[in-house]
Amino acid sequence: MPEEAPKPILLRDKYRISRVVEIAEEPCSVPSLLSAVDRLFGSPNYRPPMLPAVAVRVLHIAKTPEVTFKKVVEVVESDPLFAASVLKLASSPIYSRGAPITSIQQALLHLGLHALSDLCVEAALNARLFRVPGFEVPLEVVRKHSVAVAHCARLLARKACKPAESAFSLGLLHEAGLAVGIVTLNTHSLWPRRFEPAQVWPVLLASRWEVTRRLVNVWHLPKDMGDELVALHRRNIAFNEVRAALVVADSMATHLGFGVGPEGEYVEDEAVGAAREMLGLEEAELQEVAEAATELLDSIF
């Protein structure tokens, strides 16, 4: 009797979106949503969900060759509440690996500068972008997807021996436009009528690239990170190594059940194939990364 073919790893229950959100009286469309985003960003009485200034400063100084550990610690500790959030993440088993971490300096020595800057981005997004009362379910979909892509991108870059310094932070930030679109829909003065998220989700997905482009300017991200986020969503342009890792990570995270479609569906396109070629990983190596990502994400979620 022939052996049964091994089952693929990439199986997981889909995380369905089922909450009610607000929507305009006019039919929701990409132009109407982008117009609402622009009105919000331009209103003197409104600021889009901002990354804490300290997190943006850390991203900038992490790219400065002569920066000292003392300077990094001073910047993070200048905002005690933010520092506490970073320290909480650094102390979690996934990062501490059993080592006691009780200060930002210890976290920096244990993790290194780039890993600490990644934690700053994660703490910033958790505090500011993924917390909108009444929108917990769709925002949790986006958060889990972003975290999954970040970890998959880091694992893929390391497996392929490619530069991985910015892969994690870019993975966390790459769907920020989708989250801000949800925040925009929660602005009752613009969207007075109720609607099912599943019905408006395609509009959010279609508009998230343009919202991300707007956010890059508003957040004053380092130029190279902003350029990468904008380029990542223009999938017809040439890849570099980090962008390739992110594209493959996006497809891998979706296969693992952390997609952002209405029911987490996944459609592979030519860009994923081109990105895999650039990484130079064999199918067995991709499977090894998927297994490691599955174990890691199970421990997080």
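Data for the structure
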quantity	calculated
Some residue of segment 168-177 being touching a Pro at 6+ places or on another chain (Cβ under 7 Å), assigned to a helix (DSSP H, G or I) and either at pLDDT below 85 or closer than 24 Å to W219 by Cα (or both)	no
Filter result for the condition that a residue is under 15 Å from the mean Cα position of the chain (by Cα), part of a helix (DSSP H, G or I), modelled with pLDDT of 85 or more and hydrophobic (A, V, I, L, M, F, W, C), over A249, A290	A249
Positions within segment 126-140 being buried (at least 24 other Cβ atoms within 10 Å of the Cβ) and in a helix (DSSP H, G or I), in sequence order	P138
Segment 68-125: number of residues that are aromatic (F, W, Y) and either at pLDDT 90 or above or surrounded by 15 or more Cβ atoms within 10 Å (Cβ to Cβ) (or both)	2
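Here's the yes/no breakdown for (1) in contact with a Phe, Trp or Tyr (Cβ under 9 Å, 6 or more places away or on another chain); (2) among the aromatic types (F, W, Y); (3) crowded, with 22+ Cβ neighbours inside 10 Å; (4) not assigned by TED's automatic domain parsing to the domain that holds A157:
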position: H220; (1), (2), (3), (4): no, no, no, no
position: M225; (1), (2), (3), (4): no, no, no, no
position: R234; (1), (2), (3), (4): yes, no, no, no
position: A238; (1), (2), (3), (4): no, no, no, no
position: E241; (1), (2), (3), (4): no, no, no, no
position: A244; (1), (2), (3), (4): no, no, yes, no
position: T254; (1), (2), (3), (4): yes, no, yes, no
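The values are calculated or read from the model by the stated rules, or taken from the named source; none is laboratory data. Computed from a predicted model, the values in this text were never measured in an experiment. All Cβ positions, even for glycine, are placed from backbone atoms using ideal geometry, and neighbour counts span all protein chains on display.
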